[in-house]
Amino acid sequence: MPEQTIPATYKIEEVKKRREILELPIAGPGDQPIKVNIGPSHPAMHGTIKMIAELVGESIVNIDVEPGFLHRGFEKMMEDHNYVTALPYTDRLNYVSAMINNFGYAETIEKLFGIEVTERCAWLRTLFAELSRVTDHYTCQAAICSEIGAMTPFLYLMQARDYIWEHLNWASGARQTYSYARIGGLARDIPDGWLGKLKEILDSNIPLLKDIHGLMDRNRIFLDRTQGVGEISKEDAINAGITGPFLRSTGIDYDVRKAMPYHKYAEVDWEVPVGKYGDNYDRWFVRMREIEESLKICYQCIERIPSGPLNVDAFQAHLPDKAEVYDNIEGLINHFKIIIDGPKPPKGSIYHCVEGSNGELGFFLVSDGSGHAYRLHVRAPSLMIMGQLDKIIIGHQLADIIPIFGTVNMVGGECDR
């Protein structure tokens, strides 16, 4: 299992004093701010983001953050597609950890039906969710490194991510957007030898993480760009509804997997990493520690996944096996009814949440008894953070925008409305 790591110790007061020596006064008599458009472009701004910054010299005195649009309209599309055919759209919310979206959406509908998944399915969902979390954090950490000029750890992290993505491809048939969940189970079982190869991949990740810590944790340039930069207080984070690593970096240990356990999280041994100051460095370090905790969970899942059925026998919601579709008329009819009309859960409303890579990912669904949602709202963790981004940035330097925004790990598909 991965070893626990210790962050580079620092006192926030010393960091602030050092930054005050380096920085010019924000404004002097007669200084007039100038407006600068930053983005939208993918490098640094991650796609759709546009910022209108007001600068006095290099200091940011005001900023307007526009999340932009990907024009996917996920929530409205769900009203026109039935519960099964809409599943691939969940992949496109946070497309870096798509399986977590898959499972959260499927479990919301399962709760409406009152379906309990099998033991094997629950353990596999736990394993796949944690692998997705690891790849998401690898991507975020790699982006932070590259955006401040640290290309070696960027390449290390992206290579490690791609090994896991290719392994997920072996199980699901897709490398990044999977549509792997099914209401009441999973699309297919894992191949023979898949778990053994996965253990080898995870074993190779442990020395990699040590290398990343060695390269970054006490690197003076990295520390200057992260410590004391982009701070957020516990109170501001809670009032804004922020969750995930961003909230935990302030010292709040809220994690949906602990607060409202689902899958098999209550049956595995792991900790919730927290920071102290809520700055860039704490957000970096919390994610690094979360990778280690996710690897611990993965190792336990590999040892404890039982044999047995993968999918529940729920004809009203779960697609029949292909053998049934091809071999008997009842299976064929059931398949067509679910694909064309959609499964029809009871009338009612429900909210279900999971711990996404950026925080609490929730689905609020209203059912009118038909085969598609009357209304569906997604609680997107990235969007909550974007609402506080201007307060985090104001008072810093122009060059600080990039590392601050990198630690947000904003995903455009989640933020689209």
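Each reported figure results from applying straightforward, stated rules to the coordinates on display, with no laboratory input. Remember, it's a predicted structure, so these values are computed and weren't measured experimentally. Virtual Cβ from ideal backbone geometry, glycine too; neighbours counted across all protein chains shown.
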The stretch 147-306: relative contact order as a whole-number percent, Cα under 8 Å and 6+ apart: 19
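So, by mean Cβ neighbours within 10 angstrom, what's the order for 327-340, 143-156 with the highest one leading?
143-156, 327-340
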For the chain, the spread of Cα positions along each principal axis, largest first, Å: 82, 43, 32
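So if I place +1 on the C-beta of Lys and Arg and -1 on the C-beta of Asp and Glu, and nothing else carries charge, what would the dipole magnitude of the chain be about its Cα centre? I want it in debye, nearest 20.
Once rounded to the nearest 20, the dipole reads 180 debye.
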Kirkwood-Stokes translational diffusion coefficient of the stretch 193-242, alpha-carbon pairs, 10 °C, 1.306 mPa s, µm²/s: 111
Only Lys, Arg (+1) and Asp, Glu (-1) charged, at Cβ; the stretch 85-232 dipole about Cα centre in debye: 100
Degrees, to the nearest 10: 98-113 long Cα axis against longest axis of the chain: 50
Residue-wise HN-Hα coupling along the stretch 382-392, computed from phi with Karplus coefficients 6.51, -1.76, 1.60 (Hz; x: Gly, Pro): 5, 5, 4, 5, 4, x, 10, 5, 4, 5, 6
Residues with amide H under 5 Å from that of residue 356, placed H, sequence gap 5 or more: 361
Listed residues 129, 317, 266, most fluctuating in the chain (Gaussian network, C-alpha, under 10 Å): 266
Lysines with Cα under 26 Å of residue 322, excluding same-chain neighbours fewer than 8 positions away: 111, 337, 344
Ordering of 49-60, 225-236, 301-312, 278-289 by packing [mean C-beta count within 10 Å, highest first]: 278-289, 225-236, 49-60, 301-312
Hull-based mean projected area of the stretch 348-417, where the convex hull spans the alpha carbons, in square nanometres: 5.6
Peptide ranges 190-201, 98-109 listed from the most packed, as the mean C-beta count within 10 angstrom indicates: 98-109, 190-201
Max mean-square fluctuation residue, GNM over the chain, Cα-Cα springs under 10 Å, options 399, 237, 160: 399
Dipole of the chain [Lys/Arg +1, Asp/Glu -1 at C-beta], most positive-end residue of 159, 326, 388: 388
Convex hull projection area averaged over all views, the stretch 98-206, Cα basis, nm²: 7.2
Among 320, 67, 43: highest mean-square fluctuation, GNM of the chain, C-alpha pairs under 10 Å: 43
Positive-end extreme of charge dipole, the chain - chosen from 60, 223, 195 (charges on Cβ): 60
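With +1 assigned to the C-beta of every Lys and Arg and -1 to the C-beta of every Asp and Glu, and no other charges, what is the dipole magnitude of the stretch 87-145 about the Cα centre in debye, to the nearest 20? Mind showing how you got there, number by number?
Details: 5 positive and 7 negative charges, 21 e Å.
Computed charge dipole of the stretch 87-145: roughly 100 debye.
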Dmax and Rg, reported as Rg then Dmax, of the stretch 248-292 (C-alpha, Å): 11.3, 32
Mean Cα-pair separation over length for the chain, i.e. relative contact order, pairs under 8 Å, 6 or more apart, %: 26
Charge-dipole axis of the stretch 74-415 as Lys and Arg at +1 and Asp and Glu at -1 on Cβ define it, positive-most pick from 250, 98, 86: 250
